1. Rounded, prolate or oblate: which fits region 204-274, taking a ≥ b ≥ c as square roots of the Cα gyration tensor eigenvalues, rounded meaning a/c under 1.5, else prolate when a/b beats b/c?
2. Once Rh is set to the Kirkwood radius over Cα pairs, what Stokes-Einstein translational diffusion coefficient, in µm²/s, holds for region 240-310 at a temperature of 20 °C and a viscosity of 1.002 mPa s?
3. Given the options Met119, Tyr228, Pro63, identify the residue whose Cα lies farthest towards the positive end of the charge dipole of the chain (+1 on Cβ of Lys, Arg; -1 on Cβ of Asp, Glu).
4. Over all directions, what mean area does the Cα convex hull of the chain project, stated in square nanometres?
5. Any idea how far apart Gln42 and Thr313 come out in nm if each label point goes 7 Å out from Cα toward Cβ?
6. Karplus couplings for region 138-144 from phi (6.51 cos²θ - 1.76 cosθ + 1.60, θ = phi - 60°), rounded to Hz, Gly and Pro as x?
7. Greater than 19 Å separation of Cα atoms is the criterion. Which listed pairs, Lys5/Lys137; Lys24/Lys160; Lys160/Lys289; Lys253/Lys309; Lys55/Lys160; Lys217/Lys253, meet it?
8. Counting only protein heavy atoms and using a 1.4 Å probe, what share of the accessible area of the chain belongs to carbon plus sulfur, as a whole percent?
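The values are calculated or read from the model by the stated rules, or taken from the named source; none is laboratory data. Keep in mind that what you see is a predicted model, and the values were worked out from it rather than measured. Every residue, glycine as well, gets a Cβ built from its backbone with ideal geometry; the counts of neighbours run over all protein chains shown. For accessibility, only protein heavy atoms count, side chains too; no ligands or nucleic acids. Shrake-Rupley method; radii C 1.70, N 1.55, O 1.52, S 1.80 Å.
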Amino acid sequence: MNTEKIAVLVSGGIDSAVSAYLLKQQGFEVVGVFLILMHLDQPELLEQRRLQAEKICLRLDIPFHTLTFSSHFKENVFDPFMKAYAQGWTPNPCVRCNKSIKFGEAMDYVLNTLDASRMATGHYVRLLQDERGYILKKGLDPAKDQSYVLYTLNQQQLSKLAFPLGEYHKEDIKTMAQTHLPEITFSGESVDLCFTSKDYHALLTEKTGDIVDTHGKVLGKHQGIHRYTVGQRQGLGIAAPYPLYVVDLVPEKNQVVVGEKSVVFRKALLASDVHAILPGDLDRRISAKAKIRYASPEQDCSSEPMEDKLKITFHEPQFAITKGQSVVLYDEDRLLGGGIISKITQGDGSFVL
């Protein structure tokens, strides 16, 4: 029997349930932890997931804990998310939540108060160690790889983490659940419950403004720039002889800028809040592959530091590079790090401020 205690973040979904099962099978002392963050729209669904997580832990005969971080989540995730949206950005709350809550406040609690030696999650990513330190690699299942949202992890955090699913494919996990947890009914994907579009759209001020073309000509009206994102085509409410796409959001003028699809392609960006998994990996000019959003394919690029930022230049122009999203860099299957897209080149190569 392994005496090491590992706390598993259980969401009530299949991935975290099988993670807990695998760790117990390996002989670890396992405890389950369910996080209450900030779910405004459907609190009854949150309670269903909590009860499901508790049922999983009961089936596995492991202790179950519920931790509430709603106030921390509001301060560190939801409020910055709202502020970014109001500024015309399209932020990724999962990246900020991972950094501030899951691998911040929650991890501190399970290590210090629950006296666990490590924390585990159901992310599909591989954690390895070489002569330089801990490294993260993509999960073996390319359709489920979740390394994109973990680029903010540092070496100290990685030394206290476990990702049991990184070497498996999703179908393997489904088979294990059916075989070893037949009493549990899993529906859909494992998702975290925090807030929905209904929650934040209801709290954002509706402020009518102009929809303009790239020359400043007014084409119509919008009901709030937070309802639009770069690259959007549907729902513009403008008649034109050719398809129009959102090119930019200009909060200081309360404008939505639209244009032809070709205008939405950009070749370079600046990223702020830069973090490297291995310190120093992003301190020099390198060739790499980059993702500009979670579901986008990787693209060849070069990366070079510019003071405290990174300049990413793609070999080919990319569609709808969006401020507020994360750009994440890879060397083959190894996660190098990333940052928040804060500036994007205009057609002449200068940066949009």
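1. Oblate shape, in that a/c is at least 1.5 and b/c is the bigger or equal ratio.
2. 144 µm²/s
3. Most positive-ward Cα: Tyr228.
4. Mean shadow area of the hull around the Cα atoms is 18.9 nm².
5. 4.7 nm
6. Values per residue, Gly and Pro as x: 4, x, 5, 8, x, 6, 10 Hz.
7. Flagged as over cut-off: Lys5/Lys137; Lys160/Lys289; Lys253/Lys309; Lys55/Lys160.
8. Using a 1.4 Å probe with all protein chains present, the chain comes out at 49 percent carbon and sulfur.
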